[in-house]
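Here's the structure, in structure tokens; my notes come after.
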Amino acid sequence: MSGIVVVETSATLSHLLQRTLSASQLSADRIVEKYAEATEWLQAVDRGEQTCRLLVLGAPQRNNRDFEALIACLVEGRAPKLPILVLSHEKTPFLSEMLSRRRNAFLLLWANFGRIPAAIRQLLPPEIPAGEASGPTPAALAAPRTAAPLKVLFVDDSQSVRLAFRELLENHGFVVDTAASLQEGLAKGSTGNYDLAILDYYLPDGNADELTRRLVALPATKQMPIAIITGSYKDAIIKRCLEAGAMDCLFKNEVLELTLARIKALARTIQTQKAVETERQRLDGILQSVGDGVYGVDGEGTISFANPAALRLLGYGEEAELVGRDARTLVHGGEARDAVLARAYLEGQSLAGHETVFRGREGAEIPVDCTVVPLAIGGRREGSVVVFRNISERKSAERLSWELQHDPLTGLSNRRGLTQALGAELERRRDRGGYSAVLYIDLDRFNAIVDHAGARAADRALADVAQVLRQRMRQDDALARIESDHYAMLLSAVQLDNLFVLADGLREAIRSCKVHLFRRDVPVTASVGVAILSGDAPSAEYVLEHARVACQEAKRRGRDQTQIYVAGADARIARELDSAWITRLKEALHEDRFRLLLQPILPVPAMSGIEDEALRRQGWRLHLRSQGEALFEVLIRMVNRDGSLISPSVFVPLAERVGMMPKIDLWVVSRAVRLLSGLPKDTRVGFTVNLSNATLQDPDSLKLIDGLVGDAGLPAGGLVFEVTETSEIDSLHTARRFVQSLRKRGVRFALDDFGTGFSSISHLKHLPVDFVKIEGSLVSDLGESSRDRTMVSSMVSLAHALELKVIAEHVDGVHTLRMVGECGADYAQGHLLGEPIAPEDIDLASLVRRS
């Protein structure tokens, strides 16, 4: 009985560990596959009902309740004398805390799995009566094992010198043999029984450089380190010896202590080399003996080695048939087929228990369970090691069950699996109270990706988005691809006041995925709808449908937006949500935690002939190319207490719900007016500022804005108020009177989001505006929709007939810029022409009229 108990829930890692122990003549008395069972067993050990000399504990990649319960037992001091070896993919703060509180617990990373047998032997206490075993101290664990003494061949024609050096070296732990001549030294050295040879240069039958060359030429002594010892300091002698293959030259005239120190330095180098070679041979023996397939890849996915089991399982006869080939193509059958595994190769990620399909030599599909362990050498990532086993017998029964609940492209749950997860979460909310959230995520313009980048790029984008979302899941969250380019995500146990920030952060994270369109990498964007799940919800489908409706609203607002849905019947949720955001918005206003940003609005003719990168690089400086007015849209961001910026797509809808938009609009107008009034009198800068529908319906706010503008003495035409067309203005009479009043002060007006609302013509008829801004979704689709081009051209013609200027929004590419120019737009605005930046980063004072 070894007294070793292994706790490992991954079948693949458990199998690898057992094989590794077996190859090192070690074995486990018991294998425990569940952490809950291990907790019960540990309690039995603590009571003296079970015995164990060493616990080998495999940590999961993500903590779960059962594992945390087991760790809690260990931290509480159960079985206090039991030594523990924890195997993990990484050192986490959770494990560090446990290790700091349990003195006889030690950590070893799976990346160093070859050291497991040595670590077990060092930790394993001698077999003594139960209850008295104790693990080694940390110092003992860290101490290297005693190495075998080095065997030295000392060749010198002087008997007294031979005797003196033999005595000196043997007194310091070396095993010494001597020879008196070149031929005797060659005969003894050629046996290959020595770790180091020290040769006197002048020998009766030749010189040491000759003996060195002859020893280096022999297979048995080719790698044996050789040092020359001589009483001569001639450079020619030293040079000949080093060129012959000697590692060092020692001098007889030196103090013996110095010569001994140099020999010891050589010995340390030799011991290190021997240890490395011994470890390599041991690991190679393990690799050759394990029954699982093992192969290595570099950072690009190229196979660097494969063990016999891997060759057998994949149907290859020689290792050379695999080495140097791309694993993603040869073994996986294409990168898109298993994007998760391909990404693990490229980014050095760990994977455990990953089930996939490998392709054999003849093209046969082999279901496997594999583990990927990053390979680090000298602290630098050198690729990954993949361990896999054929699970055909088990897979045939499990495959159908898996496919019924999963999406094969991304590996995520499908709608069926999501429905089960939502149903379980609904029951938890009914039992425990609190709130969860369901996100409905729809990728924007996915058809354009398929049409212009191809199906393979579209599949890659779907897999990339799935991976980004998967990385942000918490323990009880759920994620599914429910159809085509639609995903759904369950966020379990959320705080309502942080829900918008959390959901919008996921939307922003999706933008890190890129797809190659129109000769450049374009970010993938998504519209996100959010519905709140509480114990009062009638069904999971009810909540998912509300999330879908919210997503449609986000699409309608211009895509790449986050929208929350609160049903009229959910008055309690609405009150809690509103109360939290009223407090946050009031505090942000009181503490001045809003920031202004400016985005340039550029005349289309001034940008003709400029390449994509030049446009992106110049941004607002393109205003210097023309003598017309230099327009900027004033945008706003809310600053969270941690310093992060909150998008207006998060807080504006909530501010509108709770009646805070007039106050926020007044804050923006006052800052914009202050900024404009501080510019030179001959400035040609103009700011466009959004006014919400709520502000236009609030007479008190309109009076305050009128007063701000009247007192500032702004340059004529320097201020443009944007009125959003996508929502009904309840009192056109009040709004028209406000517009007419401010126009007398030189303020101009723009109709924003023109083309998507229900009262465009009515607004043009009743509101005396100077600009129309064509809604971004119509502009961004110009390259793929002839219908949109016709609509935009018609709207431009209508605006020009009414003597209005036209601004095209969402111009994010040179192709789109050319299209809006062909449609006749006067101005363009979008990420291509400049990202929103702080006013202090723009030299506004340089934008003046030239005489």
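No value in this document is a laboratory result; all are computed from the given coordinates. Model, not experiment: these values are computed from the prediction. Note that each Cβ is placed from the backbone with ideal geometry, even for glycine, and that neighbours are counted across all protein chains shown.
The loop-placed trypsin sites (Lys or Arg not before Pro) in segment 616-675, going by DSSP, that have at most 12 neighbouring Cβ atoms within 10 Å of their Cβ come out as Arg641.
Multiply the residue separation of Arg312 and Val357 by 0.36 nm, subtract the distance between their alpha-carbon atoms, and state the gained length in nm to one decimal.
Details: separation 45, 0.36 × 45 = 16.20 nm, distance 1.60 nm.
Full extension from Arg312 to Val357 adds 14.6 nm.
Couplings for segment 800-815, taken from phi via the Karplus curve 6.51 cos²θ - 1.76 cosθ + 1.60 with θ = phi - 60°, read 5, 4, 8, 6, 10, 8, 10, 10, 9, 8, 6, 8, 10, x, 4, 4 Hz in order; Gly and Pro are left as x. Computed from the Cβ-Cβ distance with R0 of 60 Å, the FRET efficiency linking Gln183 to His831 stands at 0.15.
Pull up the DSSP beta bridges for the chain and report the antiparallel fraction as a percent, rounded to 5. Numbers along the way, then the final one.
Values: 66 of 128 bridges.
Beta bridges within the chain, antiparallel portion: roughly 50 percent.
Does segment 215-334 come out rounded, prolate or oblate, given a ≥ b ≥ c as the square roots of the eigenvalues of its C-alpha gyration tensor, rounded meaning a/c under 1.5 and, failing that, prolate meaning a/b above b/c? Verdict is prolate for segment 215-334.
Each of Lys81 and Ala493 was given a label point 7 Å from its Cα along the Cα-to-Cβ line. The distance between the two points is 3.9 nm.
Which whole-number percent is the relative contact order of segment 228-303 (Cα, under 8 Å, 6+ apart)?
Working: 29 pairs, mean separation 15.6, N = 76.
Relative contact order comes out at 20 percent.
For segment 765-822, the list of trypsin sites (Lys or Arg not before Pro) that fall in a loop by DSSP and count at most 12 other C-beta atoms within 10 angstrom is empty.
The relative contact order of the chain comes to 6 percent, based on Cα pairs under 8 Å that sit 6 or more residues apart.
The lysines within cross-link reach of Lys188, meaning a Cα-to-Cα straight distance under 25 Å and a gap of 8 or more places when in the same chain, are Lys151, Lys222, Lys252, Lys264, Lys274.
Once you list every other residue whose beta carbon is under 15 Å from the beta carbon of Pro374, what net charge do they have if Lys and Arg are +1 and Asp and Glu are -1? Summing Lys and Arg as +1 and Asp and Glu as -1 gives -1. Just round it to a whole percent: the fraction of Cα-Cα distances in segment 6-49 exceeding 14 Å. Tail fraction, whole percent: 54. Computed from backbone phi, the HN-Hα couplings of segment 73-81 come to 4, 5, 5, 5, x, 5, 6, x, 8 Hz, rounded to whole numbers (Karplus: 6.51 cos²θ - 1.76 cosθ + 1.60, θ = phi - 60°; Gly and Pro given as x). Taking every Cα-Cα distance in segment 577-620 and sorting them into 10 Å bins from zero, the calculated P(r) comes out as 20, 28, 14, 20, 18, 1 percent. Projected label points at Val255 and Arg65, each 7 Å from Cα along the beta carbon direction, are separated by 7.1 nanometres.
Here r is the Cβ-Cβ distance between Asn112 and Lys151 and R0 is 30 Å; the resulting FRET efficiency, rounded to 0.05, is 0.50.
Amide H contacts for Tyr435 (H built 1.01 Å from N in the peptide plane; partners 5 or more residues away or on another chain; cut-off under 5 Å): Val494. The lysines whose alpha-carbon is closer than 22 Å to the alpha-carbon of Lys514, local same-chain residues fewer than 8 away aside, are Lys555.
Seen from Arg312, the other residues with C-beta closer than 13 Å to its C-beta sum to a net charge of -2, counting Lys and Arg as +1 and Asp and Glu as -1. Report the Cα centroid-to-centroid distance between segment 487-557 and segment 627-653 in angstrom, as an integer. After rounding, the separation between the Cα centres reads 21 Å. In the list [x] 1.02; [y] 1.16; [z] 1.12, the label attached to Rg/Rh (Cα atoms, Kirkwood Rh) as derived from the coordinates here is [z]. Extension gain for Arg787 to Asp841 (0.36 nm times residue separation, less C-alpha to C-alpha distance): 15.5 nm. The aspartates and glutamates within cross-link reach of Lys765, meaning a Cα-to-Cα straight distance under 17 Å and a gap of 8 or more places when in the same chain, are Glu722, Glu725, Glu728, Asp730, Asp752, Asp753, Glu803.
With charges set only on the Cβ (+1 for Lys and Arg, -1 for Asp and Glu), what does the dipole of segment 38-122 come to about its Cα centre, in debye to the nearest 20?
Using only the charged Cβ atoms, the result is roughly 340 debye.
Name the residue from Gly285, Ala217, Tyr202 whose Cα lies farthest towards the positive end of the charge dipole of segment 161-288, charges +1 on Cβ of Lys and Arg and -1 on Cβ of Asp and Glu. Checking the options against the dipole of segment 161-288, the answer is Gly285.
In this simple spin-label model, placing a label point 7 Å from the Cα along the Cα-to-Cβ direction at both Gln475 and Ala509 gives a separation of 1.8 nm. Shape summary: segment 148-268 maps onto an equivalent ellipsoid whose semi-axes, from the alpha-carbon gyration tensor, are 18, 17, 14 Å in decreasing order. On a per residue basis, the convex hull of the C-alpha atoms belonging to segment 1-112 measures out at 95 Å³. Taking 0.36 nm per residue of sequence separation and removing the Cα-Cα distance, the Leu283/Asp682 pair yields an extension gain of 135.8 nm.
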